[in-house]
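The values are calculated or read from the model by the stated rules, or taken from the named source; none is laboratory data. From a predicted model like this one, the values you see are computed outputs, not experimental measurements. We place every Cβ from the backbone using ideal geometry, glycine too, and count neighbours over all the protein chains shown.
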Amino acid sequence: MSESVFWCSSCLNMSTRPRITFDEKGRCNACIWTEEKKKLDWSPRQDELSDLLDKYRSSNGSGFDCVVPVSGGKDGSYVAYTLKKKYGMNPLAITVRPALSLELGDENLQNFIESGFNHIHISPNAKVMQKLNRLGFIEKGFPYYGWLIAIKTAVIQTAMNFNIPLIFYGEDGEVEYGGSTESKHNPLYNIEYMKRVYFEGGYDKVFESVLADEEVKEGDLAFWQFPTEEQVSSNDLAFTHWSYYEAWDSYRNYVVAKDHCGLKEKEEGTAGTFTNFSQNDQALYSLHAYLMYLKFGFGRATQDAGIEIRRGAMTREQGLNLVMAYDNQYPHEFLDLYLDYYEMTKDEFDAVLDKYANKDLFEKIDGIWEPKFTVGVAFEV
């Protein structure tokens with residue numbers, strides 16, 4: 001049975017994107033939500049936010065009121081800054097150290113801290129992180145799967161240890177960029193949602209695989225453990241996305257973080273896209289974006305173009321030209337780092353890429369996977 005592959009009629013979201021939906025006009029749910037946000041009465045959601053903040057605000061004003069995971073990038077910085085300056089909260093910012101951090105990311109994080117925030121840097125067991133990331137790369141096609149888990153689990157564990165039940169993440173990517181809409185009207189979400197959607201159901205498999213390694217003891221995995229349902233209940237834990245309470249705008253976040261939190265963008269271009277002010281904290285993101293391209297046919301430039309088109313900063317035609325120019329870039333820049341980190345030869349590394357390349361969308365020419373499709377032109381597979 002054939003299946004049609006097509007692109008959103010408003011932005012450039014591809015029908016291969018997991019969990020995405022389209023209306024009868026061919027618009028993806030991210031574009032539909034963008035239009036809905038312009039007409040939405042945000043005051044009820046602001047009231048929900050006020051109630052939530054009042055519920056968890058420190059009674060004597062001397063403790064932490066909430067946790068905000070940050071990398072030093074635009075989004076976490078914006079959320080932490082807004083909670084502190086606009087709503088008078090006392091957030092504890094938490095960073096989970098990525099495996100292959102970049103100098104600019106480290107500088108931006110330090111600038112954020114020095115702009116006036118209490119901060120904890122978590123460094124989970126590096127050997128276990130490497131094993132989890134390697135397993136994620138091989139078994140799930142997620143090159144930083146261990147870190148992806150830890151930015152949820154380690155943050156939650158630390159929040160519990162400090163008795164801070166309220167955790168603010170940035171945007172709900174499923175709603176904002178195209179995916180499941182089940183949380184569109186829900187301010188809070190749970191651990192089941194994290195495992196099923198963010199980890200694509202692979203958490204238990206990868207976790208069990210690394211536990212089978214004789215070098216790894218259960219205690220080594222403490223930062224990768226989710227709390228039990230009983231712990232969630234007894235600690236009154238609440239997980240929420242800031243994007244639920246106000247219209248999410250990545251560029252506005254960038255401007256606020258640059259003006260108030262010391263955020264710096266790259267001076268040179270970024271491989272695989274035309275933007276230079278996001279995802280500058282770690283080398284593995286470029287590999288993640290390339291694998292996304294091989295799996296689904298869209299890369300980092302498509303995602304960035306979609307954001308710019310939806311906020312009215314460029315036309316679909318301009319975005320199309322940028323996607324044609326920037327998507328499909330093999331991660332040469334950090335290749336030696338990847339081979340060393342995963343303890344692989346280039347042939348072994350490329351074999352993993354080959355495993356996840358969608359053969360309906362790509363063919364290998366001179367050792368590089370090339371698209372069979374033309375961006376924006378629907379076809380059958």
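Given Val5, Val79, which one is surrounded by 14 or more Cβ atoms within 10 Å (Cβ to Cβ) and under 23 Å from Tyr198 (Cα atoms)?
Only one candidate qualifies: Val79.
Residues that are more than 22 Å from Ile122 (Cα to Cα), surrounded by 18 or more Cβ atoms within 10 Å (Cβ to Cβ) and polar (S, T, N, Q) within the range 221-261 comprise Ser243, Ser250, Asn253, listed in sequence order.
Counting residues that are buried (at least 21 other Cβ atoms within 10 Å of the Cβ) and hydrophobic (A, V, I, L, M, F, W, C), which helices (runs of 4 or more DSSP H) fully inside the range 283-381 reach at least 1?
Values: elements: 284-296, 300-310, 316-326, 335-342, 346-356.
Here the list reads 284-296, 300-310, 316-326.
With respect to the conditions (1) buried (at least 18 other Cβ atoms within 10 Å of the Cβ); (2) under 28 Å from His185 (Cα atoms); (3) at pLDDT 95 or above; (4) not acidic (Asp, Glu), Lys86 lacks only one, and its number is (1).
Within the range 117-136, is even one residue surrounded by 18 or more Cβ atoms within 10 Å (Cβ to Cβ), basic (Lys, Arg) and touching a Gly at 6+ places or on another chain (Cβ under 6 Å)? Within the range 117-136, none of the residues are surrounded by 18 or more Cβ atoms within 10 Å (Cβ to Cβ), basic (Lys, Arg) and touching a Gly at 6+ places or on another chain (Cβ under 6 Å). Tell me which residues, restricted to the range 23-37, are free of Cβ contacts under 8 Å to residues at least 60 places away in the same chain and closer than 15 Å to Arg310 by Cα. The answer is Gly26, Arg27, Ile32, Glu35, Glu36.
Pairs meeting the criteria (first residue in the range 296-307 and within 13 Å of Gly178 (Cβ to Cβ), second residue small (Gly, Ala, Ser) and buried (at least 24 other Cβ atoms within 10 Å of the Cβ), beta carbons under 7 Å, at least 6 apart or on different chains) are Ala305/Gly319; Gly306/Ala30.
Condition check for Val256 on (1) assigned to a helix (DSSP H, G or I); (2) modelled with pLDDT under 95; (3) touching a Lys or Arg at 6+ places or on another chain (Cβ under 9 Å); (4) not polar (S, T, N, Q): one failure, at (2). Residues that are farther than 20 Å from Lys195 by Cα and not in a loop (DSSP other than H, G, I, E, B) within the range 216-241 comprise Gly219, Asp220, Ser234, listed in sequence order.
Got a sec? Which of Glu114, Glu35, Glu103 is surrounded by fewer than 17 Cβ atoms within 10 Å (Cβ to Cβ) and within 25 Å of Tyr145 (Cα to Cα)?
Numbers: Glu114 fails: within 25 Å of Tyr145 (Cα to Cα); Glu35 fails: within 25 Å of Tyr145 (Cα to Cα).
After ruling out the rest, the residue left standing is Glu103.
If you go through the range 124-147 and keep only what is more than 18 Å from Phe349 (Cβ to Cβ) and in contact with a Phe, Trp or Tyr (Cβ under 9 Å, 6 or more places away or on another chain), you end up with Pro124, Asn125, Val128, Met129. Surrounded by 22 or more Cβ atoms within 10 Å (Cβ to Cβ) and on the phi > 0 side of the Ramachandran plot - does that describe any residue in the range 172-182? Checked the range 172-182: at least one residue is surrounded by 22 or more Cβ atoms within 10 Å (Cβ to Cβ) and on the phi > 0 side of the Ramachandran plot.
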